1. Could you list, in sequence order, all residues of the range 188-224 that are among the polar types (S, T, N, Q) and not in a helix (DSSP H, G or I)?
2. What pairs come out if I take residues in the range 232-243 that are exposed (fewer than 15 other Cβ atoms within 10 Å of the Cβ) and pair them with residues that are not hydrophobic (A, V, I, L, M, F, W, C) whose C-beta lies under 7 Å away, six or more apart or interchain?
3. Just need a number here: residues in the range 424-450 that are closer than 24 Å to Val131 by Cβ and assigned to a helix (DSSP H, G or I).
4. I want to confirm something. Restricting to the range 468-492 and keeping residues that are among the hydrophobic types (A, V, I, L, M, F, W, C) and assigned to a loop (DSSP other than H, G, I, E, B), which single residue is farthest from Tyr382 (Cα to Cα)?
5. Among Ile408, Ile313, which is touching a residue at least 24 places away in the same chain (Cβ under 8 Å), in contact with a helix residue (DSSP H, G or I) (Cβ under 9 Å, 6 or more places away or on another chain), more than 23 Å from Thr138 (Cα to Cα) and not in a loop (DSSP other than H, G, I, E, B)?
6. Can you tell me which condition Leu166 does not meet? The list is (1) without any contact (Cβ under 8 Å) to a residue 60 or more places away in the chain; (2) more than 18 Å from Leu150 (Cβ to Cβ); (3) not small (Gly, Ala, Ser), and all the others hold.
7. Could you list all residues from the range 119-131 that are within 17 Å of Thr362 (Cβ to Cβ) and crowded, with 20+ Cβ neighbours inside 10 Å?
8. On the given criteria, is Thr281 within 18 Å of Met214 (Cα to Cα) and more than 21 Å from the chain's Cα centre (by Cα)?
Amino acid sequence: MKKADHNCWTCKERKVGCDRTLPECANCKRANRHCQGYALKLAWPDKIDGRRKQKKYQADPGRSTKDYVTQDGKLVFLNTTLDDLSGRKIDVQDFTKLEKVFSSLVISPAISAMTGVTDNDGLLLSYYDNVLARMITTIDDDTNGFRRSLIPMALSSSDPASRSLLQATLALSSFHLGRNEDALRHKVKALKSLSSSFQNGNSSKLSQFAACMMLCVYSVFDASDTTWYLHLQGAKTITAELSNELANPSFDFFSNWFAYHDTFSNYSHSENPLGGKLNITLPENNLKTRKVCQIIVGSLGCSPELLGFISAINQLRTFSPENPYTLSQPPPQIATLTTTIRDRLINLSQEIHVSVGETVGTIDHSRITLTAEFYRIAALLYLYQTYPPLAIPSPSLIQDLVNAGFAIVDQMQVCTSPWPLFIVACSVTTDVDRVRVLGILDKMSEMRRIGNYEIIKGLIVAVWKQQDLGADEKNPGTVDWRGLMDPGSSVPSFI
């Protein structure tokens, strides 16, 4: 049974032993005394206590607000509340802000002439094609399945699955343009059509899968939509029935798209290691296979090899002592596996390959390379957070990686990858770096208008507050954001 780290306040005041039972001390229960628990207790310096030497608190009159860390000349506050002190669990909906943002972009009506598509729907599809489908990938070439695969699939058939994909796409465009009522109407139609497709049994499984994944993307954009994990599980169920689609030219795109969401879904969960057995498969290490897996995929932002290592660290985390499901000592192979992952991440290289065609958009090689490297740095930090004693040869490496992460973001017009930024944010130690993180997030929200960023910002701030509250402890340790979440809360996506 898990015990508290220190005596309860009642036993401390009585100067007697405490059995540190959670949530209340058993000694207090037996004696019918009110147990004051183990939470943080506030004390005021003017309280006279003859047993202890009184501290002298004196403000520095020479200090002024000009010495404080600011953001764009404004003071930044991290407000800790009673909920933070009491350890109240967090629901991601606490972080959502409903904001209507309208776009001033001119939308080309080119798609509106297609059969079965109204003028307004055509405008929304054009907005998706010209803006969103190019925004959610780092490589807008002929392998960009968000344009090259999804739009033809949505328009090629009138079956319920294709209609669901079409309506989910229209919902996404509507929401990003600030047309929230239209977005809700299209989303409801998408859900109804998807349900019908499962009932009639004749719809394309790949179209059903694509519709589920597009609804996942919608949930990422709309912070008030908490169904991301639900739709991802729906897509996961369908993947078992896609064996007949392996020859489909778009299959690699769909496979990578799902792998990206699934990997960060596993990052969000504290899973129970099956029977305590270690069954982690690392990306292949032979030269021929690695050459293919090192190519950066636009929908991932990094190479499949790097995503494979992040997935492996997710599985490693299930054996971490911090995982509430871990009941025994980690398997002995953990140390070897951890150092192997670390060494391969340190030496990992990622390459750009652009598939040139008639519809290729602007290819920013610098942005592609920087984003992929940002993921690599974050993967190393994630490994160090998971198994610090085994993975970190030197404590100074953490700050070096944090500095490298900021240096990368400074070279970007805007950061487009929330997961690496979240990992870096949880590793910062100074107010200066915290303010930098908040500035990056604000710019992301302003330029990309993705609701998920507000949730991630809220989680980052929650972690920082708990770090500050535990700063005076003898062994503060790390704060696992998962331990701050309400069990009934929806799962953050980090997409």
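1. Keep residues of the range 188-224 that are among the polar types (S, T, N, Q), which gives 193, 195-197, 199-200, 202-204, 207-208, 219, 224.
Matches in the range 188-224: Asn202, Ser203, Ser204, Ser224.
2. Between residues of the range 232-243 that are exposed (fewer than 15 other Cβ atoms within 10 Å of the Cβ) and residues that are not hydrophobic (A, V, I, L, M, F, W, C), the close pairs are Glu241/Lys205.
3. At the first step, the residues of the range 424-450 found to be closer than 24 Å to Val131 by Cβ are 440-450.
With assigned to a helix (DSSP H, G or I) added as a condition, the list becomes 440-448.
Total meeting the criteria: 9.
4. Restricting attention to the range 468-492, the residues satisfying the condition of being among the hydrophobic types (A, V, I, L, M, F, W, C) are 469, 471, 479, 481, 484-485, 491.
Now narrow it down to the ones that are assigned to a loop (DSSP other than H, G, I, E, B): 471, 479, 491.
On the way: Ala471: 21, Val479: 13, Val491: 19 Å.
Top of the filtered list is Ala471.
5. Numbers: Ile408 fails: more than 23 Å from Thr138 (Cα to Cα).
On inspection, the qualifying residue turns out to be Ile313.
6. All conditions are met except number (2).
7. The answer is Asp129, and nothing else.
8. Working: within 18 Å of Met214 (Cα to Cα): no; more than 21 Å from the chain's Cα centre (by Cα): yes.
Against the criterion (within 18 Å of Met214 (Cα to Cα) and more than 21 Å from the chain's Cα centre (by Cα)), Thr281 does not qualify.
The values are calculated or read from the model by the stated rules, or taken from the named source; none is laboratory data. Just so you know, these numbers come straight off a predicted model, no measurement behind them. Because the Cβ atoms are built from the backbone with ideal geometry, glycine has one as well, and the counts that use them run over all protein chains shown.
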